[in-house]
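Since the structure comes first, as structure tokens, the remarks are kept for the end.
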Amino acid sequence: MRSSRWFNILMQVIAVALALLFTTLVLLASSAPPLDAFKNIIIGSVGSWGKFSDVLISWVPLLLVTAGLLVTFTAGLWNIGIEGQITLGAIFTTWALRSLQDSGWPPLLVISISIIAGMLGGALWAALAGALKTFGGVNEIFGGLGLNFVATAFNIWLIFGPWKRPGVASMSGTMPFDDALSLPALPGSRLSLVAVALAIISIVIVYFLLKGTYFGLRLKAVGKNPRAAHLLGVPTWQYMMVSFVVCGLFAGIAGAVQVTSVYHRLIPSISSGYGFLGLLVAMLINYQPIWAAPVALFFAALNIGSIQLPVVLKLDSTLAGVLQGTLVLFVLLADGVRQRWIKKATTQFEPQPMPLLENESGKDKSQ
Amino acid sequence: MTFDILLISLAGVLTAAAPVLIAVIGETISERAGVINLSMNGTILLTAMGGFAVALATGNIALGFLAGMAIGALVAAVVAFASITLKQSQVAVGFILALLCRDLSYFLGNPIMGASGPRLSSTPIPFLSGIPILGPLFFKQDVMTYLSFILIAAVWIFIFRTRPGLMLQGIGERPAAAFVRGANVNALRYFYTILGGAIIGLAGPIYSLSVKAGWKGTISGLDGIGWIALSITIFGGWDPIRAAFGAYLFALLQWLGLVLQPILPGVPSQVLQVAPFPLMILTLLFVNIGNAEWVERTLAGLPEPARRAITRILRALRATPPASLGVPFETE
């Protein structure tokens, strides 16, 4: 077993090296100096306190959605609708803020209510994807994708229609809220420690929920083999619905943070792609909550670090996405190669695992 | 006069639907073999950029389309390798590639952004284009739109009326049975996934060399089309003719969105452009709801004539995926 552990680490190192090599080749293909590009990403992310606080600002929503996605992944669900859930969270937060901004209530109370409203918005959109799956037989991937588009359309309609700025509506979003209605930020920075705390508390909750509770164990059973879990008395579809709703709550907080702490208004691309990036983070950490915080921080650093690439090196800032994507791809491939080798080495001595009940039809043994 | 304009507009809908339709047919072939190629959104962007870059550099449009096919095949080969050989989740690898290829296309396409390049011109077919109504609709199109018409029929005939097509259905439905009959299931799955990828790879260059000529990076308006095409594949029930119906319906709705714009000035154009999506969800719901258990139970409680009528409607709409879609095949 020890040797397979070292083998595992070796494969991971090879995967990371290959991802760096591939990104270097991409840089060379666009005749850019690779070392300069990597150096710029590092300086651009941790070169100064200002840059690093930007990394933390971007870390918060990413960690929040990753925390939520770990719950749906444990239930065996691909919650691609996460982008729409962030958007609905932001919309509900904006709605609450707009309704209460002239109420004269203490700002702290208004902000708290608006974040809770955001959580409800995210949960509602996630429950819709869950209902489409459990009652409509619509796979969560396709239902989620459709709901993402609907959420975007709804958001844009609000920004250009009922919630447009006095005068002319524009892609720059709704009228910014009063400073008093944003999460308290550190002096001279946009970084809010409250938002950071929300993210850390969320991932800790998810860690204990999945690793330390009976609910987490049963959810895992549902994810591994729904039919067997059902036969053992786990209410399968209810568990799936709950996992959708829990994920939506966290996505809703992410949306609320985007409004109350980052943009101070509703903008068309309010989810900023954090949902899809969170899916990548969850895959890269092999769905282990313990690694979510550091890996999400690394991904946030890549995003922030690449922002200055267009200015300094005339390169597109999507280099961060290229590096993140290849990293996850090569880790996935390396894991497949490792499993294949281990299986080859042990196949003569160990009995083959029984086919999963769920996938019976496709795993018919032919001999 | 107005009728002529309507005719030209409808011909434009057929042109605009061609890339989505071709992508859906490529995906249908891949999924019929049991492999979901979820990378489609990234593949379309990357092939749009790559195809345009090659056509720009060589001045040859045909080479642009070939480059698109090669890129599409390569991405599909990664999906096939990860899922068939390494037995990793098809959804995972496809999703990663969808994001990776999108970012690659924006990054690598940065230098050629906004460049004006070659553009596919229309090729009216002699005699046929002279037929009233049908001529301007179907026979004054470009080569790729003709290809989209041909693919609908050709792929339908291949899947449902030929022996290799029967085997293609077999490896997606009951791979074990196909194996017993002498099919090399995994080799065939590789072949059809890569073939499907090459066909999907045509969709990108059709945009960048014809429908939305040029490469404009993030404002190309192509991000999202691959996800739509995936939904239409489901809507199409893995049948090229039904898929064509879905693709044309979608293109028609988008065109209607543009037409309705002046009539509904209060609604921003961005909303009308995405208006087909709620409809898409609803259709997905109708297509799938027949598969849900509670529907059958509820129907059993209804009076006989109502039950029979509803069952008939649901059965007509229903689309059941290939039984082994997404499931790896092992021979030992």
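Quick notes on this one:
- The residues listed here are B:G117, B:G196, B:G135; of these, the one that is more than 11 Å from chain A (Cβ to nearest Cβ) and outside any helix (DSSP H, G or I) is B:G117.
- Complete set of residues in the stretch B:49-69 that are over 28 Å from A:K314 (Cα atoms) and in contact with a Gly (Cβ under 7 Å, 6 or more places away or on another chain): B:F65, B:M69
- Of residues in the stretch B:221-247 being over 15 Å from B:S148 (Cα atoms) and aromatic (F, W, Y), the one farthest from the other protein chains (Cβ to nearest Cβ): B:W238
- Test: residue in the stretch B:296-311 that is under 27 Å from A:N148 (Cβ atoms), exposed (fewer than 13 other Cβ atoms within 10 Å of the Cβ) and either within 11 Å of chain A (Cβ to nearest Cβ) or at pLDDT 80 or above (or both): no
- So A:W125, is it in contact (Cβ under 8 Å) with a residue 60 or more places away in the chain and of a type in the set (F, W, Y): yes
- Among the candidates A:S189, A:S170, residue that is away from chain B (no Cβ under 14 Å), surrounded by fewer than 21 Cβ atoms within 10 Å (Cβ to Cβ) and part of a loop (DSSP other than H, G, I, E, B): A:S189
- Considering the stretch A:271-367, the qualifying helices (runs of 4 or more DSSP H), each wholly inside and each with 2 or more residues that are more than 10 Å from every other protein chain (Cβ to nearest Cβ) and modelled with pLDDT of 95 or more, run over A:274-284, A:292-305.
- Residue list for the stretch B:210-235, restricted to those being more than 13 Å from the chain's Cα centre (by Cα), assigned to a helix (DSSP H, G or I) and in contact (Cβ under 8 Å) with a residue 24 or more places away in the chain: B:S210, B:V211, B:G217, B:T218, B:S220
- Qualifying positions in the stretch B:79-90 - more than 7 Å from chain A (Cβ to nearest Cβ) and aliphatic (A, V, I, L, M): B:V79, B:A80, B:I84
- Test: residue in the stretch B:42-53 that is surrounded by fewer than 24 Cβ atoms within 10 Å (Cβ to Cβ) and part of a helix (DSSP H, G or I): yes
- Answer from B:L21, B:L74, B:L14, B:L108 - the residue that is crowded, with 24+ Cβ neighbours inside 10 Å, touching a residue at least 12 places away in the same chain (Cβ under 8 Å) and not β-branched (V, I, T): B:L21
- Of residues in the stretch A:166-214 being at pLDDT 90 or above and of a type in the set (F, W, Y), the one farthest from A:N155 (Cα to Cα): A:Y214
- Residue check, B:L74 at pLDDT 90 or above, under 19 Å from the mean Cα position of the chain (by Cα) and within 23 Å of A:V26 (Cβ to Cβ): yes
- Pair list, Cβ under 9 Å, 6 or more apart: the stretch B:155-177 residue more than 14 Å from every other protein chain (Cβ to nearest Cβ), other residue hydroxyl-bearing (S, T, Y) and part of a helix (DSSP H, G or I): B:V155/B:T28; B:I159/B:T28; B:L168/B:Y192
- Of the residues screened, A:A180 is not one that is within 14 Å of chain B (Cβ to nearest Cβ) and surrounded by fewer than 22 Cβ atoms within 10 Å (Cβ to Cβ).
- Residues that are hydrophobic (A, V, I, L, M, F, W, C) and within 14 Å of chain A (Cβ to nearest Cβ) within the stretch B:27-66 comprise B:A33, B:V35, B:I36, B:L38, B:M40, B:L45, B:L46, B:M49, B:A53, B:V54, B:A57, listed in sequence order.
- Exclusive hit being within 14 Å of another protein chain (Cβ to nearest Cβ), within 30 Å of B:I133 (Cβ to Cβ) and either small (G, A, S) or touching a helix residue (DSSP H, G or I) at 6+ places or on another chain (Cβ under 8 Å) (or both), set B:V24, B:V93: B:V24
- Look at the stretch B:282-311: where a residue is farther than 30 Å from B:L249 by Cα and a partner is modelled with pLDDT of 75 or more, sitting 6+ places away or on another chain with Cβ atoms under 9 Å, you get B:A300/B:R307; B:G301/B:R307; B:L302/B:I310.
Each row is one residue, and each column tells you yes or no for (1) buried (at least 24 other Cβ atoms within 10 Å of the Cβ); (2) within 14 Å of chain B (Cβ to nearest Cβ).
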site: A:L69; (1), (2): yes, yes
site: A:W78; (1), (2): no, yes
site: A:T87; (1), (2): yes, yes
site: A:W95; (1), (2): no, no
site: A:R98; (1), (2): no, no
site: A:S114; (1), (2): yes, no
site: A:L132; (1), (2): yes, yes
site: A:G136; (1), (2): no, yes
site: A:V150; (1), (2): no, yes
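- Only one of B:S148, B:S122, B:S129 that is assigned to a loop (DSSP other than H, G, I, E, B) and either touching a residue at least 12 places away in the same chain (Cβ under 8 Å) or in contact with a Lys or Arg (Cβ under 8 Å, 6 or more places away or on another chain) (or both): B:S122
The values are calculated or read from the model by the stated rules, or taken from the named source; none is laboratory data. Model, not experiment: these values are computed from the prediction. Cβ atoms come from the backbone with ideal geometry, glycine included; neighbour counts cover every protein chain shown.
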